[in-house]
Amino acid sequence: MNLTQSADSTIEDPYLVRWTETFERASLVNGMVSMSLGLPLNLLLMWVVACKSPEELRVYKKVLLSTTVIDTAFLAMCFLVQPVIILTLCVKAHFILFR
């Protein structure tokens, strides 16, 4: 493993730095795609359940609406809370926290 010394006297592994940058980029793209697809589709589902449900499905209206509300809230939380990666080279472990 080829380790290099940086200006602030910490050791950085180029492979781990590249992996971290790739993971952060992929996480951002994943959040954007899932939010841009999930939010409109969940809102559409809420409208369909609330306004266009046939009489036979009116019994399940509260269950379907609560499921879509929880799904939308979870989608927003996952979009707002992006992972932060902390690398420790002494044990070569990857720790993923959320901000």
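Report yes if TRP47 is surrounded by 11 or more Cβ atoms within 10 Å (Cβ to Cβ), at pLDDT below 90 and of a type outside the set (Asp, Glu), otherwise no. Even if it seems obvious, please write down each step before you answer.
Details: surrounded by 11 or more Cβ atoms within 10 Å (Cβ to Cβ): yes; at pLDDT below 90: no; of a type outside the set (Asp, Glu): yes.
Here the answer is no, as TRP47 does not meet what is asked.
With respect to the numbered conditions (1) surrounded by 12 or more Cβ atoms within 10 Å (Cβ to Cβ); (2) at pLDDT 90 or above; (3) among the hydrophobic types (A, V, I, L, M, F, W, C), which one is the sole condition not fulfilled by PHE79?
(2)
Residue by residue, here is whether (1) in a helix (DSSP H, G or I); (2) modelled with pLDDT under 80; (3) surrounded by 15 or more Cβ atoms within 10 Å (Cβ to Cβ) holds:
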position: TRP19; (1), (2), (3): yes, yes, no
position: ARG25; (1), (2), (3): yes, no, no
position: GLY38; (1), (2), (3): yes, no, yes
position: SER66; (1), (2), (3): yes, no, no
position: VAL69; (1), (2), (3): yes, no, no
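The values are calculated or read from the model by the stated rules, or taken from the named source; none is laboratory data. These figures come from a predicted structure and were not determined experimentally. In this analysis, Cβ positions are derived from the backbone assuming ideal geometry, glycine residues included, and neighbour counts consider all displayed protein chains.
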